[in-house]
Amino acid sequence: MSNTSLFHYALPKNEPILSYAHNSVERKELNKVLTTFLSQKVDIPLIINNKPVKTNKTLPLLQPHDIKHELGKYHLAGETDITNAITSCLQAKTKWEAMSFENRANVFLKAADLIAGKYRAQMNAATMLGQSKNVYQSEIDAICELADFFRFNVYFLSQIYQQQPISSDGILNRMEYRPLEGFVYAVTPFNFTAIGANLVCAPALCGNVVIWKPSPSQMLSAYWTMQILIEAGLPEGVINLIVGNDIIISKICLQQKEFSGLHFTGSTLVFNQLWKQIADNVLFYKNYPRIVGETGGKDFVLVHASAQVKQVATALIRGAFEYQGQKCSAVSRAYIPASMANALKTLLVQECKKIKMGHINNFGNFVNAVINEKAFMRIEKYITIAKKNSEAKIIFGGNCNQSKGYFIQPTIIETTNPKFITMQEEIFGPVLTLYVYDDKAFDDTLKLVNETSQYALTGAVFATDRSIIDKASEALAHAAGNFYINDKPSGAVVGQQPFGGARKSGTNDKAGSMLNLYRWLSARTIKETFQPPTDFAYPYMNSKKR
């Protein structure tokens with residue numbers, strides 16, 4: 001029987017953040033799961049056609065904060081596995097595309113409930129152990145943001161489907177929103193479980209089939225995400241998870257005639273390389289592929305003399321050092337008025353001395369480890385440059401130790417050069433650089449903020465003077481895709497602050513909004529005429545005179 005109902009999805013509410021306070025039910029449950037995960041060795045396969053695929057090549061699954069304790073291993077895809085994953089997607093496409101929106105949507109709505117309920121502790125434990133997040137950072141990511149993505153995407157897509165053209169007398173016009181013709185390739189980062197899942201599931205909700213290549217450092221939470229999606233009813237082949245040699249996987253996927261879109265979050269360098277590969281292959285593709293990417297950031301806080309010192313200090317510490325600064329939106333450069341500089345620096349040092357760093361199972365730790373040795377070495381390099389350069393001095397932190405895990409102390413650098421390397425280049429670690437400007441040079445500092453970095457992801461202004469807020473908002477209109485007033489420039493919430501930036505920060509397609517979903521749809525306009533004409537001549541042709 002055909003579906004004749006018109007169903008309405010209500011606007012969702014954001015998933016509440018649990019406290020994990022001492023002796024709380026959620027904390028006790030999480031500790032049990034953490035203990036279980038730490039006592040077992042997980043064997044993570046590829047997932048093709050909803051089935052586990054184990055290969056003859058594996059790598060150890062490490063904890064960034066405890067590198068001697070392996071969580072297990074994960075399997076690497078060979079060329080045959082990659083090809084099989086693509087074939088599986090294309091075979092699943094016809095049925096998935098034809099499935100009613102309600103049935104596609106209900107897979108992700110059920111998955112959201114499983115994440116927020118039955119598997120809340122497991123998703124948190126996987127994210128905490130595999131990606132070295134404290135419980136709060138994991139909760140807002142792997143639970144709340146991910147459930148929000150699934151629920152709000154369903155609502156947003158239902159709104160898109162209702163958007164229809166006008167019709168005139170005797171004519172009915174309507175719009176269909178089809179998925180893309182082919183498969184989507186999703187390349188996802190280590191730092192957010194929710195971003196990884198959304199990059200895959202937003203196109204899938206729209207009826208697309210997807211090859212998912214997660215970061216190896218996110219394999220544990222990616223594996224749990226796939227298990228939950230399968231339990232929620234995801235049909236075979238709609239999403240296939242593979243990991244292995246990045247260059248080979250991308251090369252094979254991007255050489256397929258049926259490649260229809262790239263959904264990417266990661267470094268600007270890699271995004272540029274993938275874009276070039278797509279351009280080189282463009283004559284071969286069946287369609288022009290959609291390219292959606294969110295890349296780097298060199299996110300700023302501009303402080304005016306009218307701002308409140310304690311508010312600024314709190315925003316800088318949270319914005320720069322939460323999750324070890326491994327957020328695209330993390331504060332990494334701050335512009336401080338001279339009249340506030342001494343008070344602010346004193347307060348920052350006082351507060352930073354209270355920060356505890358260590359293993360994720362100690363809930364008193366605010367900071368954990370950076371993701372791997374490569375990241376550790378890159379961040380340490382910038383700190384070493386600051387230590388040796390006369391234009392900079394470290395006013396807090398600067399210690400790096402990888403004997404037990406990849407630990408880098410929250411570090412604050414002060415520079416006399418507004419174009420110093422740590423003011424310009426993305427570090428992606430717990431490093432904040434301060435530049436002190438003359439209070440009278442606020443307008444010149446606005447230009448500095450706008451011109452110093454190639455990125456334009458997030459930024460903030462702190463001021464109580466409304467005219468200053470207005471001036472900064474206008475002058476920095478293109479400097480940040482997400483702009484914050486008297487708040488840290490991180491922590492975007494689905495449905496409240498759609499996320500994305502421009503310039504070299506990406507295509508600004510705003511994850512967590514309708515804008516992103518439009519990119520995974522191909523519209524078809526249908527015009528139906530009820531009384532078609534039977535004579536080619538128009539009335540003006542019957543006139544005998546001009």
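The values are calculated or read from the model by the stated rules, or taken from the named source; none is laboratory data. Everything numeric here is computed off the predicted structure, so don't read it as measured data. Here Cβ is always computed from backbone atoms with ideal geometry, including for glycine, and neighbour counts include all displayed protein chains. Protein only, heavy atoms only, side chains kept; ligands, DNA and RNA dropped before computing areas. Shrake-Rupley method; radii C 1.70, N 1.55, O 1.52, S 1.80 Å.
The table that follows gives values for the structure above.
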read-out: Lone unmet requirement of (1) over 24 Å from the mean Cα position of the chain (by Cα); (2) open to solvent by 50 Å² or more (accessible area, probe 1.4 Å); (3) within 30 Å of residue 132 (Cβ to Cβ) for residue 415; value: (2)
read-out: Hits in the stretch 411-447 (condition: out of contact with any strand residue (DSSP E or B) (no Cβ under 7 Å at 6 or more places or on another chain) and over 12 Å from residue 298 (Cα atoms)); value: 416, 417, 419, 438, 440, 441, 442, 443, 444, 446, 447
read-out: Residue list for the stretch 169-185, restricted to those being assigned to a strand (DSSP E or B), open to solvent by 30 Å² or more (accessible area, probe 1.4 Å) and in contact with a Ser or Thr (Cβ under 7 Å, 6 or more places away or on another chain); value: 171, 173, 175, 178
read-out: Set 472, 479: member being of a type in the set (A, V, I, L, M, F, W, C) and either under 29 Å from residue 11 (Cβ atoms) or under 26 Å from the mean Cα position of the chain (by Cα) (or both); value: 479
read-out: Selected residue [open to solvent by less than 10 Å² (accessible area, probe 1.4 Å) and over 30 Å from residue 69 (Cβ atoms)] from 160, 115, 143, 166; value: 160
read-out: Pick from the stretch 97-111, criterion touching a residue at least 60 places away in the same chain (Cβ under 8 Å) and small (Gly, Ala, Ser), ranking: surrounded by the most Cβ atoms within 10 Å (Cβ to Cβ); value: 111
read-out: Strands (runs of 3 or more DSSP E) (entirely within the stretch 429-537) containing at least 3 residues that are open to solvent by 10 Å² or more (accessible area, probe 1.4 Å), closer than 30 Å to residue 156 by Cβ and in contact (Cβ under 8 Å) with a residue 40 or more places away in the chain; value: 521-529
read-out: Failed item, numbered, when residue 200 is tested on (1) β-branched (Val, Ile, Thr); (2) farther than 21 Å from residue 261 by Cα; (3) in a helix (DSSP H, G or I); value: (2)
